[in-house]
Amino acid sequence: QVQLVESGGGLVQPGESLRLSCAASGIITSNYAMGWYRQAPGKERELVAFITSGGSIYYADSVKGRFTISRDNAKNRVYLQMNSLKPEDTAVYSCNAQRGVRSNWGQGTQVTISS
């Protein structure tokens, strides 16, 4: 039974920061690429950032320089540090674990940035 549980979402004002955490069970995360996706109201789900099992990192252009993805394989966790948040960052953020053709998803956590 694979389970990914996100936490750390909430309501913040523009310019503030949040750190999302994804706790994994049922998998050994060191064997997976771990990513964060988001889906805003009325928009399709988009990839925000991912980190491969080898440590390579990708960021979407919209978050580059503001967000940082990291992983702690010993704790089976992946994090997303989000700084300088903007209203357009408002979305449900979901954690993903990918290995080969198999993707595992968390339930998502709401992030709302509003004045």
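The values are calculated or read from the model by the stated rules, or taken from the named source; none is laboratory data. Not measured: the values here are computed from a predicted model. With ideal geometry, Cβ positions are generated from the backbone for all residues, glycine too; neighbour counts draw on all protein chains shown. Areas reflect the complete protein model, heavy atoms only, side chains present, ligands, DNA and RNA absent. Shrake-Rupley method; radii C 1.70, N 1.55, O 1.52, S 1.80 Å.
What to note about this one:
- Fully extending the segment from A23 to Q98 would add 25.6 nm, taking 0.36 nm per residue of separation and subtracting the current Cα-Cα distance.
- Estimated dipole of segment 1-75 in Debye, rounded to 20 [Cβ of Lys and Arg +1, of Asp and Glu -1, Cα centre]: 60 debye
- For the chain, the per residue solvent-accessible surface stands at 53 Å², with DNA, RNA and ligands left out and a 1.4 Å probe.
- Among G26, G15, G100, the residue with the largest mean-square fluctuation in a Gaussian network model of the chain, with springs joining Cα atoms closer than 10 Å, is G100.
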